[in-house]
Amino acid sequence: MILRSSRLSTKKMVAAGNGLFYPIVGFASCLALIYLSFGDLRSNFREEDHQLAFVKRNGTQFTSDGKPFYINGWNSYWLMYHGVDEYTRPRVREILQAGAKMGLTLCRTWAFNDGDYNALQVSPGQFDERVFKALDHVIVEARQQGIRLLLCLVNNLENYGGKSQYVRWAWQEGVGLSASNDSFFFDPSIRNYFKSYIKTILTRKNTLNGIEYRDDPTIFGWELINEPRCSTDASGDTLQDWIEEMSAFVKLIDKKHLLTVGLEGFYGPKDPKALTVNPERWASRLGSDFIRNSKIPSIDFASVHIYPDHWFHDLEVEDHLKFVTKWMLSHIEDGEKELNKPVMFTEFGLADQLDRFYKTIYDIIYKSAKKHQAGAGALAWQFIVGGMEKFNDEFGIIPWERPATYKLIIEHTCRLARIQGPVLEQRNLKELCLQKH
Ligand SMILES: *[C@@H]1O[C@H](CO)[C@@H](O)[C@H](O)[C@H]1NC(C)=O
Ligand SMILES: *[C@@H]1O[C@H](CO)[C@@H](O)[C@H](O)[C@H]1NC(C)=O
């Protein structure tokens with residue numbers, strides 16, 4: 001049954017994503033309308049554009065089709081997982097469609113599940129084709145909705161396997177040299193497991209559209225690891241060495257896609273900002289170092305997370321918001337002065353006062369974008385659809401069930417569009433941004 005439905009959707013999707021000829025007639029009449037009403041912006045709707053282009057980088061800016069590209073996006077880590085079973089699969093389309101309806105252009109999601117239920121990697125180098133097909137489906141579906149994907153390759157945390165699963169595997173196979181979970185970063189056998197994983201993912205040929213992942217512009221970029229920490233080496237050397245090796249390895253296979261680390265953004269022990277900007281003292285002892293890690297030449301853009309609830313003890317909401325502003329401005333300044341790279345806030349979550357929190361973050365991104373500074377975008381953690389509360393955490397929302405939040409998100413989409421011009425994938429932009437919310 002799963003096979004049959006995949007085949008059916010193959011046809012439809014190839015037509016929408018790849019078949020550039022047959023939609024042209026319909027498209028041309030749309031074009032005429034857009035020409036008339038969008039005035040100066042019409043040059044953005046040339047016919048050849050409906051093939052998605054790779055997002056590139058020029059200094060601190062992402063560019064799409066040669067123009068600056070600022071991102072309003074979100075996290076739904078669960079897409080592949082829910083894409084496996086026929087009964088949960090519609091959730092993938094539902095959330096991607098909802099994202100497109102809000103004019104969002106990027107979704108960050110897991111391209112891993114190591115040894116857990118519905119595992120993609122069942123054991124080192126062994127993949128479940130059923131789950132791989134679910135990831136194929138996610139990519140094709142995203143393209144159809146005009147959404148790009150930031151795909152993360154492994155978890156530092158133990159959800160969906162993570163680095164501790166790799167360490168267990170190495171023990172079981174008798175090649176692990178240390179029981180420490182941080183041996184994920186330094187054990188040569190485990191490094192090879194992970195490299196072999198990277199290679200399999202990047203060279204995967206999508207069974208639905210025939211495109212290798214490394215050649216697919218639907219993929220915005222790769223993220224090496226979600227929230228890496230290596231507390232057993234607070235000097236940061238171990239993690240730095242791992243990022244250097246893994247990022248170079250990704251670039252060896254795939255030079256077309258952007259690459260980021262997946263950092264939370266903490267400053268390392270030698271950085272003066274460890275004392276002035278890090279949330280608390282523990283944050284500089286985790287073996288990560290925002291500037292040093294992000295400076296590595298094969299890393300294209302910096303990633304930062306924002307979790308004031310988790311990072312402070314006993315802080316009032318007002319102080320949370322003050323911290324958010326300081327934290328973001330500091331990292332945008334790093335992008336400008338230290339890194340000459342875009343800085344993307346790839347996760348932000350707060351349990352209370354969510355609208356004020358979202359607005360604070362969006363305002364900072366907007367101001368940065370207006371000045372063409374390094375603040376490249378922000379991705380909310382996280383969006384779910386109805387019926388999957390079990391997969392939620394304290395931060396997840398169903399955006400369309402929160403009118404005020406929903407409106408904020410769309411307003412942010414529209415003001416970014418006014419800076420950069422419409423992005424072609426945002427097919428509904430005009431309608432979205434001219435209506436009153
Ligand atoms: C990169 O940006 C600079 C200005 O910031 C511009 O002069 C240059 O042409 C851009 N390069 C490319 C390849 O777009
Ligand atoms: C590694 O992580 C797992 C899962 O979090 C934990 O149960 C285990 O105790 C950790 N191992 C060591 C040696 O800390």
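The values are calculated or read from the model by the stated rules, or taken from the named source; none is laboratory data. On a predicted model such as this, the values are computed, not experimentally measured, just so you know. Here the Cβ positions follow ideal geometry from the backbone for every residue, glycine too, while neighbour counts run over all protein chains shown.
Restricting attention to segment 63-87, report how many residues are over 30 Å from residue 130 (Cβ atoms) and either within 14 Å of the chain's Cα centre (by Cα) or of a type in the set (Gly, Ala, Ser) (or both). Even if it seems obvious, please write down each step before you answer.
Initially, segment 63-87 is screened for residues over 30 Å from residue 130 (Cβ atoms), giving 63-72.
Still in the running and either within 14 Å of the chain's Cα centre (by Cα) or of a type in the set (Gly, Ala, Ser) (or both): 64, 66, 70-72.
Qualifying residue count for the region: 5.
Could you say whether any residue in segment 389-409 is of a type in the set (Val, Ile, Thr) and in a helix (DSSP H, G or I)?
Going through segment 389-409, the residues of a type in the set (Val, Ile, Thr) turn out to be 397-398, 405, 409.
Adding the requirement that they be in a helix (DSSP H, G or I) leaves 405, 409.
There is at least one residue in segment 389-409 that is of a type in the set (Val, Ile, Thr) and in a helix (DSSP H, G or I).
Quick check on segment 296-314: of everything there that is assigned to a loop (DSSP other than H, G, I, E, B) and touching a Pro at 6+ places or on another chain (Cβ under 7 Å), which residue is farthest from residue 354 (Cα to Cα)? Steps first, please.
Just the residues of segment 296-314 that are assigned to a loop (DSSP other than H, G, I, E, B), to begin with: 296-301, 307, 312-314.
Retained after the next criterion (residues that are touching a Pro at 6+ places or on another chain (Cβ under 7 Å)): 301, 312.
On the way: 301: 27, 312: 17 Å.
Filtering first and then ranking leaves 301.
Can you tell me how many residues in segment 163-179 are buried (at least 22 other Cβ atoms within 10 Å of the Cβ) and not aliphatic (A, V, I, L, M)?
Looking only at that region, the number is 3.
Show the residue pairs meeting these rules: Cβ distance below 8 Å; 6+ apart or different chains; first residue within segment 177-189 and at negative phi; second residue at pLDDT below 95 and within 9 Å of ligand 2 (Cβ to nearest atom).
Listed by first residue and then by second, the contacts come to 186/178; 187/178.
For segment 180-202, state whether one or more residues are touching an Asp or Glu at 6+ places or on another chain (Cβ under 6 Å) and at pLDDT 95 or above.
Yes.
Return the only residue of 376, 404 being surrounded by fewer than 18 Cβ atoms within 10 Å (Cβ to Cβ) and either within 16 Å of ligand 1 (Cβ to nearest atom) or modelled with pLDDT of 95 or more (or both). Show your work before the answer.
Details: 376 fails: surrounded by fewer than 18 Cβ atoms within 10 Å (Cβ to Cβ).
Result: 404 is the single residue among 376, 404 that is surrounded by fewer than 18 Cβ atoms within 10 Å (Cβ to Cβ) and either within 16 Å of ligand 1 (Cβ to nearest atom) or modelled with pLDDT of 95 or more (or both).
Taking segment 250-272 as the region of interest, how many residues are over 18 Å from residue 202 (Cβ atoms) and in contact (Cβ under 8 Å) with a residue 60 or more places away in the chain? Don't jump to the end; show me each part of the working.
Of all residues in segment 250-272, those over 18 Å from residue 202 (Cβ atoms) come to 263-272.
Then keep just the ones that are in contact (Cβ under 8 Å) with a residue 60 or more places away in the chain; that gives 265.
Count: 1.
Conditions (1) buried (at least 24 other Cβ atoms within 10 Å of the Cβ); (2) in a helix (DSSP H, G or I); (3) in contact with a Phe, Trp or Tyr (Cβ under 8 Å, 6 or more places away or on another chain), marked per residue:
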{"residue": "252", "(1), (2), (3)": "no, yes, no"}
{"residue": "262", "(1), (2), (3)": "yes, no, no"}
{"residue": "270", "(1), (2), (3)": "no, no, no"}
{"residue": "274", "(1), (2), (3)": "no, yes, yes"}
{"residue": "279", "(1), (2), (3)": "no, no, yes"}
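Looking at segment 318-330, is at least one residue in a loop (DSSP other than H, G, I, E, B) and of a type in the set (A, V, I, L, M, F, W, C)?
No, because not a single residue in segment 318-330 is in a loop (DSSP other than H, G, I, E, B) and of a type in the set (A, V, I, L, M, F, W, C).
Please determine whether any residue of segment 329-345 is of a type outside the set (A, V, I, L, M, F, W, C) and touching a His at 6+ places or on another chain (Cβ under 9 Å).
Taking every residue of segment 329-345 in turn, none turns out to be of a type outside the set (A, V, I, L, M, F, W, C) and touching a His at 6+ places or on another chain (Cβ under 9 Å).
Within segment 132-150, does at least one residue satisfy the condition of being under 29 Å from residue 210 (Cβ atoms), in contact with a Pro (Cβ under 9 Å, 6 or more places away or on another chain), touching a residue at least 60 places away in the same chain (Cβ under 8 Å) and more than 16 Å from ligand 2 (Cβ to nearest atom)?
As a first pass, look at segment 132-150 and keep what is under 29 Å from residue 210 (Cβ atoms): 132-150.
Then keep just the ones that are in contact with a Pro (Cβ under 9 Å, 6 or more places away or on another chain); that gives 143, 148.
Filter once more, so that each one left must be touching a residue at least 60 places away in the same chain (Cβ under 8 Å): 143, 148.
From what's left, more than 16 Å from ligand 2 (Cβ to nearest atom): 143, 148.
Yes; the residues of segment 132-150 include at least one that is under 29 Å from residue 210 (Cβ atoms), in contact with a Pro (Cβ under 9 Å, 6 or more places away or on another chain), touching a residue at least 60 places away in the same chain (Cβ under 8 Å) and more than 16 Å from ligand 2 (Cβ to nearest atom).
Assess whether residue 156 counts as being more than 16 Å from ligand 1 (Cβ to nearest atom), under 23 Å from the mean Cα position of the chain (by Cα), more than 30 Å from residue 52 (Cβ to Cβ) and touching a residue at least 24 places away in the same chain (Cβ under 8 Å). If you could, list the steps in order and put the result at the bottom.
On the way: more than 16 Å from ligand 1 (Cβ to nearest atom): yes; under 23 Å from the mean Cα position of the chain (by Cα): yes; more than 30 Å from residue 52 (Cβ to Cβ): yes; touching a residue at least 24 places away in the same chain (Cβ under 8 Å): yes.
In short, yes.
Can you confirm whether residue 247 is surrounded by fewer than 23 Cβ atoms within 10 Å (Cβ to Cβ), among the polar types (S, T, N, Q), in contact (Cβ under 8 Å) with a residue 24 or more places away in the chain and assigned to a loop (DSSP other than H, G, I, E, B)?
On the way: surrounded by fewer than 23 Cβ atoms within 10 Å (Cβ to Cβ): yes; among the polar types (S, T, N, Q): yes; in contact (Cβ under 8 Å) with a residue 24 or more places away in the chain: yes; assigned to a loop (DSSP other than H, G, I, E, B): no.
In short, no.
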